[in-house]
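What follows is a single structure, written as structure tokens, with notes after it.
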Amino acid sequence: MALQGISVVELAGLAPGPFCGMVLADFGARVIRVDRPGSRYDLSCLARGKRSLALDLKQPRGVAVLRRLCAKSDVLLEPFRSGVMERLQLGPEILQRENPRLIYARLSGFGQSGSFSRLAGHDINYLALSGVLSKIGRSDENPYAPLNLLADFAGGGLMCALGIIMALFERTRSGKGQVIDANMVEGTAYLSSFLWKTQKLNLWKAPRGQNMLDGGAPFYTTYRTADGEFMAVGAIEPQFYELLIKGLELKPDELPNQMSMNDWPEMKKKFADVFAKKTKAEWCQIFDGTNACVTPVLTFEEVVSHDHNKERGSFITSEERDVSPRPAPLLSDTPAVPSFKRDPFVGEHTEEILKEFGFSLKEIDQLTSDKIIESHKVKAGL
């Protein structure tokens, strides 16, 4: 696998960090998740392929344990606000002095500097500060956040994983690690580069929700079908738009010009009336196999059984029968091999991990006795 042999220490945190760690684990990295004793995986769905070490970082000896782990690891992934790790005596200056090859990945909401760097926040707040939230929503409604995917997982977790991969590659040349300042605000803003780079192309000259790509165009939106389901339409190019009109059984010479923005509201009503006359399955029969850029809006239940996704094996099933997307992208020679095992319990691998890092049984017993670490040994069922 692409990251085979890379060891990652991931400190427990909110969703973006666990997702970043899971991506690395899917592609072969050995990821150790450092959990708080007595806690549980609130985001156990993102623990795939990891091992769990329960360690109390509020105690100096717990800090010393983590420093020993980082001295022999490739990557530290920490999800705290600016200043937290420094107060614990775990800042990059200390850890990289002990291990110059360590890649210190800092994944936060607002970044390691700036007036908001020590403030709490969530996806919607980062999305707002990036400017992207102002572009999302219907023209007559408030802006709305599209779940918590854009800032948390794309701008945060995935961008951080990209930074780690680039730092690992650079280390092959310099032999040195570096500090990564990944944060949801700037990661999301970077994802929106297309919006910034097209400001002069009149793609966004109308108010929010009235432009071609934000729901304003009749040929780039969703429509309700007769059975209460939905179809997605993205027929931008003239040749694709022509196929859309043909499938809707409308007469081109009776419609306004495709790019006549003043006529878009009325055209959307006309298209909506047509889509409402057939079921989603009927529309699929009409548009499947064409280049009209019309596809069904699939539910989670439907997407797994869709022919295209089944043919590609786009979804995987764990040994506990849980379904999730297969890791992407596909690499021809070193594809991801995600774990199909159940997610680990907190502290399940504590002793195993410490032994691998050179801790003696006496040290482990003392740490356990002093409640610095916690073990959750799984008993075999009879």
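The values are calculated or read from the model by the stated rules, or taken from the named source; none is laboratory data. Remember, it's a predicted structure, so these values are computed and weren't measured experimentally. Cβ: placed from backbone, ideal geometry, glycine included. Neighbour counts: every protein chain shown. Quick note on the areas: whole protein, heavy atoms, side chains included, nothing else; ligands and nucleic acids left out. Shrake-Rupley method; radii C 1.70, N 1.55, O 1.52, S 1.80 Å.
Within the stretch 63-83, the set of residues being more than 23 Å from F359 (Cα to Cα) and over 24 Å from the mean Cα position of the chain (by Cα) comprises just one member, G83. Considering (1) in contact with a Leu (Cβ under 8 Å, 6 or more places away or on another chain); (2) open to solvent by 40 Å² or more (accessible area, probe 1.4 Å), the lone condition that V34 does not fulfil carries the number (2). There is no residue in the stretch 71-86 that is in contact (Cβ under 8 Å) with a residue 60 or more places away in the chain, open to solvent by 20 Å² or more (accessible area, probe 1.4 Å) and under 14 Å from V346 (Cβ atoms). Close Cβ contacts (under 6 Å, 6 or more residues apart or on different chains) running from residues in the stretch 1-22 that are in the same structural domain as T350 (by the TED database) to residues that are modelled with pLDDT under 95 and aliphatic (A, V, I, L, M) comprise A15/L43; P18/L43; P18/L46; F19/L46; M22/L46.
Collect the residues in the stretch 313-358 that are in a loop (DSSP other than H, G, I, E, B), touching a strand residue (DSSP E or B) at 6+ places or on another chain (Cβ under 6 Å) and open to solvent by 50 Å² or more (accessible area, probe 1.4 Å), keeping them in residue-number order.
If we filter the stretch 313-358 for residues that are in a loop (DSSP other than H, G, I, E, B), which is where we start, we get 313-314, 318-322, 326-349, 357-358.
Then drop every residue that is not touching a strand residue (DSSP E or B) at 6+ places or on another chain (Cβ under 6 Å), which leaves 326, 344, 346-349.
Once the filter is applied, which keeps residues that are in a loop (DSSP other than H, G, I, E, B), touching a strand residue (DSSP E or B) at 6+ places or on another chain (Cβ under 6 Å) and open to solvent by 50 Å² or more (accessible area, probe 1.4 Å), the stretch 313-358 yields only R326.
Out of (1) assigned to a helix (DSSP H, G or I); (2) open to solvent by less than 60 Å² (accessible area, probe 1.4 Å), the odd one out for E301 is which? That leaves (2) as the condition not met.
Quick one: is L95 open to solvent by less than 10 Å² (accessible area, probe 1.4 Å), in contact (Cβ under 8 Å) with a residue 24 or more places away in the chain and at negative phi? Here the answer is yes, as L95 does meet what is asked.
For the stretch 26-42, does any single residue satisfy the condition of being in a helix (DSSP H, G or I) and over 23 Å from D123 (Cα atoms)?
Yes, there is a match, as at least one residue in the stretch 26-42 is in a helix (DSSP H, G or I) and over 23 Å from D123 (Cα atoms).
Of the residues screened, T368 is not one that is at negative phi and within 26 Å of the chain's Cα centre (by Cα). Checked against (1) within 30 Å of L69 (Cα to Cα); (2) charged (D, E, K, R); (3) out of contact with any helix residue (DSSP H, G or I) (no Cβ under 7 Å at 6 or more places or on another chain), D152 meets all criteria but (3).
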